[in-house]
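S.K.: Got a structure for you, questions after.
Every number here is computed from the coordinates shown, using simple stated rules; none is lab data. The structure presented is a predicted model; accordingly, all values stated were derived computationally and were not measured. A quick note on method: Cβ atoms are made from the backbone with ideal geometry, for glycine too, and the neighbour counts reach across all protein chains shown.
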Amino acid sequence: MKVTCFLPCRRGSERVPRKNIRPLAGRAFGLLEVKLEQLLSSEAIDQVILSTNDEEIVSYAEGLNEAALKVHRREDRLASSETSTDSLVSHAASLVPDGHILWTHVTSPFVTARDYDAILQKYEAALQEGFDSLMSVTALHGFLWDEQGPINYDRHCEKWPRTQTLKPVYEVNSAAFVASSEVYRSRQDRIGENPFKYVLERIQGFDIDWQDDFRIAEALLQAGVVKI
């Protein structure tokens, strides 16, 4: 099974300045450096395509001289804060015409090379089980409500059930999406009609989106709570 990783990494960040390449826990190029180390160490990934419009990122990545790493200079029209994920799906499909696509982000620093190998192994098995794609999720076992009331328990049966017995609701954590290039072309999506939900532990699927997230990730790394 041929697997190509699509790693989007645009210039700029509205919430965390220089988030992708801001120094982190002793790494000068921060999240990007961490993620490339992980992806290039994976035994299941054949090629990594780094799609970016940031010349600083281009210079760093090309300086690694890694045969499995391909740097693609993305057009600015596909790299603004207004660019939709749907547009990036078409972009990824154009870069990977065949095989299978692993879509991941530098903002998931606690998904390691070993984790990617396990994800891709499960994806291959899931295809044999009738699934057509995979996405990583975090299982939520709390008391979850919408405007109408509880969505994962019935207060007419039990007002406050034990959280261990609650039916989980799954949050897409965006750490990994896997599908064939055919799914990308036919559905214009990074998942198919029947994705396998691959559950990550809460810290493992931690996504850095805000300034506080960056500080938490750095503190966890410096304290040795997580390994990358």
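S.K.: Which value in nm describes the separation of the simple spin-label points at LEU95 and ARG162, placed 7 Å from the Cα toward the beta carbon?
M.R.: About 4.8 nm, to one decimal.
S.K.: Still on this model: Each label point is 7 Å from the Cα along the Cα-to-Cβ direction; what then is the distance between the points at SER186 and ALA28, in nm?
M.R.: Calculated label separation equals 4.7 nm.
S.K.: Sticking with this structure for a sec: Nearest 0.05, what FRET efficiency do VAL199 and ALA223 give at R0 = 25 Å with Cβ-Cβ as r?
M.R.: Rounded to the nearest 0.05, the efficiency is 0.50.
S.K.: Return, for the Cα atoms of the stretch 161-217, the radius of gyration and Dmax in Å, separated by a comma.
M.R.: Looking at the stretch 161-217, its Cα Rg and Dmax stand at 15.3, 44 Å.
S.K.: Full extension from ALA68 to ILE151: what is 0.36 nm times the residue separation minus their Cα-Cα distance, to one decimal in nm? Walk me through the intermediate numbers first.
M.R.: Numbers: separation 83, 0.36 × 83 = 29.88 nm, distance 4.48 nm.
Value of the extension gain: 25.4 nm.
S.K.: Given springs between every Cα pair under 10 Å in a Gaussian network model of the chain, which of THR138, THR52, THR165 has the largest fluctuation?
M.R.: THR165
S.K.: Okay, next question. In the stretch 121-184, which trypsin sites (Lys or Arg not before Pro) fall in coil by DSSP and have 15 or fewer other Cβ atoms within 10 Å?
M.R.: ARG155, LYS159, ARG162
S.K.: Also, I was wondering about something else. Could you work out the equivalent-ellipsoid semi-axes for the chain, taking the square root of 5 times each eigenvalue of the Cα gyration tensor, largest first, in whole Å? Don't jump to the answer; show the numbers that get you there.
M.R.: Numbers: eigenvalues 183, 101, 60 Å².
Equivalent ellipsoid of the chain: 30, 22, 17 Å, largest first.
S.K.: For the stretch 41-141, give the magnitude of the charge dipole about the Cα centre (Cβ charges: +1 Lys/Arg, -1 Asp/Glu; no others), in debye to the nearest 20.
M.R.: 100
S.K.: Next up: Which order do the peptides 42-49, 174-181 take when ranked by the mean count of other beta-carbon atoms within 10 Å per residue, highest first?
M.R.: Taking the mean over residues of other Cβ atoms within 10 Å, the ranking is 174-181, 42-49.
S.K.: Now a separate question. Of LYS35/LYS197; LYS122/LYS159; LYS2/LYS35, which sit over 30 Å apart, Cα to Cα?
M.R.: The answer is LYS122/LYS159.
S.K.: Hey, what did the stretch 110-228 get for relative contact order, percent, Cα under 8 Å, at least 6 apart?
M.R.: Working: 153 pairs, mean separation 42.1, N = 119.
Once divided by the residue count of the stretch 110-228, the mean separation gives 35 percent.
S.K.: Can you tell me the length gained on complete extension of the stretch GLU171 to GLU43, counting 0.36 nm per residue apart and subtracting the Cα distance?
M.R.: 43.3 nm
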